[in-house]
Amino acid sequence: MNPSAIRYYERVGVLPKPDRLGGHRRYTPETVRQLQVVDLAKSAGFTLDQVKELLKSDRPRDVLSTMSERKLPAVQALAERASAMQASAPDRERDRTSDLCSRFAESIEPIIAGPGGSPDGR
């Protein structure tokens, strides 16, 4: 994780301020675990305020369950959009590839034919 992100999380209260030794931050195993939760929650689309709420809760499973239930409709809509895009992608990709191949073939035909020749070698 980027050190500037960790310092930001400390500044906004997501993580506790660490102890310092010789000017260097020293993180506890608990803080490392919290960083893992932050990273996972952010990748799942939760906001820092939600992550802070989750980390400060004495019942994190209940908080996470409630947050997930609220987020589920948006995640389902995103999954549906991704599926629709994926379903249409092969046709577009195939057309694009075919077009690129055709243009490539057209561009190399004169090279293959050589001066005054034809592409099929006759």
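The values are calculated or read from the model by the stated rules, or taken from the named source; none is laboratory data. In this text, all values refer to a predicted model and were calculated from it rather than measured experimentally. Just so you know, the surface numbers come from the protein's heavy atoms only, side chains and all, with ligands and any DNA or RNA stripped out. Shrake-Rupley method; radii C 1.70, N 1.55, O 1.52, S 1.80 Å.
Numbers below:
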item	result
Elements of type helices (runs of 4 or more DSSP H) in the range 1-58, at least 1 residues being more than 29 Å from P73 (Cα to Cα) and of a type in the set (G, A, S)	3-11
Residue list for the range 13-60, filter: open to solvent by less than 50 Å² (accessible area, probe 1.4 Å), more than 17 Å from the chain's Cα centre (by Cα) and not polar (S, T, N, Q)	G13, V14, L15, P18, L35, V51, L54, L55
Filter result (polar (S, T, N, Q) and either open to solvent by less than 80 Å² (accessible area, probe 1.4 Å) or outside any helix (DSSP H, G or I) (or both)) within the range 61-82	S65, T66, S68
P3 being under 20 Å from the mean Cα position of the chain (by Cα) and more than 22 Å from E69 (Cα to Cα)	yes
